[in-house]
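These notes concern the structure reproduced below.
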Amino acid sequence: MIAQVIVDVAAKQTDRVFEYHIPKELTDVAVGSRVVVPFGRRKVQGFVVGISETTSYTGKLKDLLVVIDELPPLTPELIALSKTLADKIFSYRITILQSMLPRVMKANYRKILVPLTDEIKENTLFKGEPLDLNEVSDLETIVKIKKLIKNNQAKIEYLVENKAKKKQVAAYLLTKTRTEYQDILGGIRTTAKNQRALLNNIVEKYNEYPKLGSTIESELGISSSTLRAAEKKGWLLKKEQEIYRNPLKDFESNASKHSVRLNSEQLDALNSIGTSIKEKEAKTFLLEGITGSGKTEVYLHAISTALEQKRNALMLVPEISLTPQMVKQVKERFGDNVAVLHSGLSEGEKYDEWRRIRRGESQVVVGARSAIFAPLKNIGLIVIDEEHESSYKQNDTPRYHARDVALLRSKFHNCPVVLGSATPSLASRARAQKGRYKLLRLTKRANQKSLPKVDLIDLKTVEFAGGQFDLSIPLVDAIKEKLAKKEQVILLLNRRGFASFMLCRNCGFVLRCPNCDISLTLHKDTGQMQCHYCGHKEPIPRKCPNCQSEKIRFLGTGTQKVQEELETLLPDVKILRMDVDTTRRKGSYKKILDSFGNHQADILLGTQMIAKGLDFPNVTLVGVINADTALSLPDFNSSEKTFDLLTQVAGRAGRAEKTGRVMIQTYNPENYAIKLAQSQDYEGFYQKEMQVRFQGNYPPFFYTTLITITSKNEQSAAKEAFVIKRKLMLELHAPTIILGPTPSSVAKIKNQYYYQILVKYKYEPKLHDLLHQIQDDAQLAQKRGLNIYIDNEPERIM
DNA sequence: AGCACGCCGACT
DNA sequence: GTCGGCGTGCTC
C-alpha cells in the first residue's frame, strides 16, 4: 500500500504530494494520519492525504517511518478542505494543515551528533550525551565534528520531536482486600499518625479507590511522602493517568433545561433555521438583529435543535467577545458537551479541548476564528456571531476568512450556516439582498426596552471640563449624575497609551520610531515612548531631539491620559482601564470584567475590546470620547467600521430594566456614519454606504485582491511592484482596475518597506492563475530579499 | 526549506 | 593540492 503525503516543508517545490510505501507494521495509517517520513537526508513530519494500491512514481519508494497519533488528527473532510482552501487563498497546503491543529502538534526538528565508538563517547564534545548541532556555531567545533564524521567515529541523526504533552496525574490503586488492610492497620504503631489515617480511609472508603493522589492528600491532610511510603510497602499501586486540563473549571456546569421564551420574530427565525437543520440544507442565513434583540437565544435554541437531530454544532464568536460571560451562557445550557477554543487557554489546554472534540466527546464547540477547523464530525449547524468582525479574517498567512471556511464545511455536512450581527458586513447584507443568503430580521428588543437615547456632542463648539480638550462638560455631568445614582459607566477611547505623538511646537518635529514609519506613543505607566508596531522603546524626551527646544507637546489623547483626567475631575471614583496594556497577562481580562461586574469600580474605560458582547445590567451610560479616530483612517471601509463600533458600544447601555444613555463626542456630527449610528439605523446606513461603495468602485460591487511587496530596500520593493503591475496589465482586461503600486499607509514596519497593488475586478477568470504564477515567482524574489503577499478580499487596503 | 553537489578562487 | 565561497537542483 502507498501513502500520499504532504510534507512539512513550506515551499513552492514541495507543495505537492510525495508517495511512500506503507510497511506491514504500520497498518493503522489512514487518511488524516500524522506521520514521520524520510525526506532527502532528513526526517520530516507529514500528513497522509490519500492511500492507494499503485503508484506512477518510477523511482524507489521509501517507507513511512512512524505514525504519530493513535487516532488520525485530521478527518478526510479536513484533508479535502485543506486542498480547496490552499488554492483559494494562495497558501501552501502544509500551512493550512498545520493551522488546523493546535500549535503543540507542530513538529520540532533537531539535528544531533551521535558518537559511534566507545572511546569517542568520552570525548569532551559529548560528555556522554549526543551533541545538539543546533547549538554549535563556533568554527573550531565544526571542524572537529567534520573530522569525526569523516573518520566514521560519529554520525548525524535527524530527529522529529513532538511538543504535545498529555497531562498526567498519579492515581493510586488498591492491591489488597479490605480485611488485609484491616490487619495491616492493627499491626502498625499508634504514633504513625499519617499512615494510620491513610489506612483508615482505605478501610472505610474501600470502594472510592482508585483515587487521585492529590485528592487523598487534601482529604486526609497528608503529604506525598506518606503515599510514597505506602507505595513502597506495597499497600498501594501508583498509576499515571492521563487527564484533560479543564479550562472551564471556573464555571459551574449545571446544564439547566430552563430557557427563555422567544418572541414571535425570534421564533420565526428559529423555525427557518430549524427546518434547514432537519432538511439538511446547506443554506446560509443572515440574522440581522438590533442589539438586545436576543440573537444569542436564537443561536442557543438552534443549537438545541441540531442536538435533538443527533447532530453537532459549531459556534464562532470574535476573540474579543469570547468573554467568560458568553462561555458561561453556553456552558450553562449545554453542560459538559461544550468544548471551548480560544487564545485565553494555554497551549496545553487548547490541545486537550481539541482532543475531546476529535474523540467525539463534545457536541458543541465554541471558539474564535481558528475553531472553524475543529475536527467536529456530523455538523448540523454552524453559527458565526458578529459576522462583520474583521477578526474572522486572519491577518497573516494563511489568510483565510472563517466565513468562507464555514460555507465550505456547510456544503460538506449539508447543514445551515447562521451569520448573526446587529451590523452585518456590507458584503453579507448585499448577498442577502440578492437572495444568496436568507435574511432574517429581529427588529424588536427581546426585553421590550426601547433603545438607549443617543446624543452627539459637537467637539467644535462644546466646552470642556478640567482644562483639557478631551472630556466635555455635558459628558462629565452625565457621568456624575449616573454615579450619584450608584449606576455604572462605560467609556470608549480607541487609542491606548497616554499620548499618541510628541510634537515640537518650535520646529514641528514629530518623534518617530527608528524602525517603522509611525510616531511613538507616550506610555506614562512605563515612562517610555513606545512603538505600537514593533515594540521599540525609548526614554521620554524633555527637549526636542531635533532643535533642543523645550516647547514640546504630547498630543493625541490615549486611555492612560483620560484615566488621569477622570481621576482629577472625579477624585473618589474608582476607574478600571482595559486595553492591551492592562490585559496582557493571562486571566487579567476576566479579572477586570469580574470586578466591574461586581461593582468594585464605577467606570470602565477601554479601547474597542470593551465594545463587544459585554452585558452589565447596571451600566446606564456609555460615552464615546472620540468617534473620529476610526473614521479618519483612509480606508474604504472606515465608515462601516465606525458605524459598527458606535452601534456596538451603544448597545452596552441599558441592558436591563434601567434605560440607557449614550453620548458620542465627535468633530464630525454631520457625518452620515455617525448620524446613522446615533439613530441606530443599520438599514439606512446600508443603503447610504452601498451608494458610496458603488461610486468608489469598492466591495461589494467589486472583488478585491491586495498584493503587498516588502523589502528592506525601498527601491527594490517599488521596482518589483512595478514589474508585477506590468504583468497584471498585460493579462487583465479593461473593466478591471489596478491601483498602485503605492507605499502602504504605514510605509515602513520593522525596517521593511511596504508597497502594494490593489486589483479590483468583477469578472477576471485569468486572475487566479496569474496570482498563482506571481506567488511562484515570489520564491525567487525572496532570494533578493523581497517578500510578496497575496491577500484575497483584504479587510484593510491602506 | 534544507541539504548536497559542483565549480571556482585563495592559502598552508 | 584542499578548503570554503555560493549558485543550482532535488526531495517520494
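Values in this text are rule-based calculations from the coordinates and carry no lab data. Because the structure is predicted, anything quoted here is derived from the model rather than measured. Because the Cβ atoms are built from the backbone with ideal geometry, glycine has one as well, and the counts that use them run over all protein chains shown.
For chain A, what does the helix formula give at 222 nm: sum of -39500 (n - 2.57) over DSSP H segments with n ≥ 4, over the residue count, nearest 500 deg cm²/dmol?
Details: 23 runs with 256 residues, N = 798.
So the calculated ellipticity at 222 nm is -9500 deg cm²/dmol.
Hey, can you rank A:95-102, A:469-476 by average C-beta count inside 10 Å, highest first?
Taking the mean over residues of other Cβ atoms within 10 Å, the ranking is A:95-102, A:469-476.
Under a cut-off of 17 Å between alpha-carbon atoms, report the lysines in cross-link reach of A:Lys783, not counting same-chain residues fewer than 8 places apart.
Cross-link targets: A:Lys12, A:Lys712, A:Lys719.
Starting from the Cα gyration tensor of the stretch A:660-759, take the square roots of the eigenvalues, sort them a ≥ b ≥ c, and report rounded, prolate or oblate (rounded when a/c is under 1.5, otherwise prolate if a/b is larger than b/c, else oblate).
Working: a/c = 4.32, a/b = 1.75, b/c = 2.46.
Oblate is the answer for the stretch A:660-759, as a/c is 1.5 or above yet b/c matches or exceeds a/b.
Kindly rank A:12-18, A:575-581, A:662-668 from highest to lowest mean number of other beta carbons found within 10 Å of each residue.
Per-residue mean Cβ counts within 10 Å order the peptides as A:662-668, A:575-581, A:12-18.
Report Rg (one decimal) and Dmax (nearest whole number) for the stretch A:168-242, counting Cα atoms only, units Å.
For the stretch A:168-242, the Cα radius of gyration and maximum Cα-Cα distance read 11.4, 36 Å.
How large is ³J(HN,Hα), in whole Hz, for each residue of the stretch A:786-796 in order, when computed from phi with the Karplus curve 6.51 cos²θ - 1.76 cosθ + 1.60 and θ = phi - 60°, using x for Gly and Pro?
Listing the rounded values in order: 9, 10, 10, 10, 10, 10, 7, 6, x, 7, 10 Hz.
Taking the Cα-to-Cβ direction at A:Glu208 and at A:Arg726 and moving 7 Å from each Cα, how far apart do the two end points lie in nm?
Label at A:Glu208, label at A:Arg726, 8.1 nm between them.
Could you tell me which of A:Ile788, A:Ile96, A:Gly50 has its Cα farthest along the dipole of chain A towards the positive end, charges placed at Cβ (Lys, Arg +1; Asp, Glu -1), taken about the Cα centre?
My answer, from the dipole projection, is A:Gly50.
Of the options A:Ala430, A:Phe412, A:Leu451, report the single residue whose Cα projects farthest towards the positive end of the charge dipole of the stretch A:396-459 (beta-carbon charges: Lys, Arg +1; Asp, Glu -1).
Of the options given, the answer is A:Phe412.
Over chain A, what is the mean sequence separation of C-alpha contacts under 8 Å (at least six apart), divided by residue count, expressed as relative contact order in percent?
9 percent
Given labels modelled 7 Å from the Cα in the Cβ direction, how far is it in nm from A:Leu407 to A:Asp118?
Once both label points are built, they end up 7.0 nm from each other.
Once you keep just the Cα pairs under 8 angstrom separated by 6 or more residues, what percentage relative contact order results for the stretch A:703-792?
Values: 145 pairs, mean separation 39.2, N = 90.
Taking the mean separation of contacting Cα pairs over the length of the stretch A:703-792, I get 44 percent.
Indicate, rounded to the nearest 5 percent, the antiparallel portion of the DSSP beta bridges found entirely in chain A.
Details: 78 of 130 bridges.
If we restrict to bridges inside chain A, about 60 percent are antiparallel.
Set the Förster distance to 45 Å, then compute FRET efficiency between A:Lys783 and A:Tyr763 from the Cβ-Cβ distance, nearest 0.05. Each step should come with its number before you reach the end.
Values: r = 35 Å, r/R0 = 0.78.
The calculated FRET efficiency here is 0.80.
Of A:Arg189, A:Arg93, how do they rank once you tally other Cβ atoms within 10 Å and put the fewest first?
With the fewest neighbours first, A:Arg189, A:Arg93 line up as A:Arg189, A:Arg93.
Under the Karplus relation 6.51 cos²θ - 1.76 cosθ + 1.60, θ = phi - 60°, what is the ordered set of whole-Hz ³J(HN,Hα) values for the stretch A:104-117, x standing for Gly and Pro?
Residue by residue, the stretch A:104-117 yields 5, 8, 6, 6, 10, 10, 9, 10, 10, 9, 10, x, 9, 10 Hz.
Which of A:His733, A:His21, A:His523 comes first, and how do the rest follow, when ranked by fewest Cβ neighbours within 10 Å? Write down the numbers at each step before the final one.
On the way: A:His733 10, A:His21 14, A:His523 20.
With the fewest neighbours first, A:His733, A:His21, A:His523 line up as A:His733, A:His21, A:His523.
Need one number: nm distance between label points at A:Val580 and A:Lys480, each 7 Å from Cα along Cα→Cβ, rounded to one decimal.
Here the modelled spin labels are 3.6 nm apart.
Using only Cα atoms, locate the centre of the stretch A:719-788 and the centre of the stretch A:512-567, then give the distance between them in Å, rounded to an integer.
Answer, in whole Å: 35.
Mean separation of Cα pairs under 8 Å and 6+ residues apart, divided by the residue count of the stretch A:503-613: what relative contact order is that in percent?
Values: 131 pairs, mean separation 21.3, N = 111.
Computed value for the stretch A:503-613: 19 percent relative contact order.
Quote to one decimal, in nm, the extra length available between A:Asn194 and A:Asn271 on full extension: 0.36 nm per residue of separation minus the C-alpha distance between them.
Result for the pair: 21.5 nm of gain on full extension.
How about chain A: what cysteines have no other cysteine beta carbon under 4.7 Å from their own?
If one checks each Cβ against the other cysteines of chain A, A:Cys415, A:Cys534 turn up with nothing under 4.7 Å.
Rank the residues A:Glu19, A:Glu129 as a footprinting-exposure proxy: fewest other Cβ atoms within 10 Å of their Cβ go first.
Ascending number of Cβ neighbours within 10 Å: A:Glu129, A:Glu19.
Check which residues have an amide H placed less than 5 Å from A:Ala465's amide H, if you skip close sequence neighbours.
Amide H neighbours of A:Ala465, under 5 Å, 5+ apart: A:Leu471, A:Ser472, A:Ile473.
What ranking do A:331-339, A:277-285 get when scored by the average of other Cβ atoms within 10 Å per residue, highest first? Can you show the working numbers first?
On the way: A:331-339: 20.0, A:277-285: 17.3.
In descending order of packing, they fall as A:331-339, A:277-285.
Apply the Karplus curve 6.51 cos²θ - 1.76 cosθ + 1.60, θ = phi - 60°, to the phi angles in the stretch A:570-577 and return the couplings in whole Hz, x for Gly and Pro.
So the J values, rounded to whole Hz, are 10, x, 9, 8, 8, 10, 10, 9.
Collect residues whose amide H, placed 1.01 Å from N in the peptide plane, falls under 5 Å from the amide H of A:Val418; neighbours closer than 5 in sequence don't count.
So A:Val418 has HN proximity to A:Phe285, A:Ile382, A:Val383, A:Ile384.
So if I place +1 on the C-beta of Lys and Arg and -1 on the C-beta of Asp and Glu, and nothing else carries charge, what would the dipole magnitude of chain A be about its Cα centre? I want it in debye, nearest 20. Each step should come with its number before you reach the end.
Working: 119 positive and 92 negative charges, 185 e Å.
In total the dipole reaches around 880 debye.
Kirkwood Rh over alpha-carbon pairs of chain A, then Stokes-Einstein at 20 °C and 1.002 mPa s: what D in µm² s⁻¹, rounded to an integer? Provide the component values of the computation, followed by the final result.
Working: Rh = 30.6 Å.
Using the Kirkwood radius from Cα pairs, D works out to 70 µm²/s.
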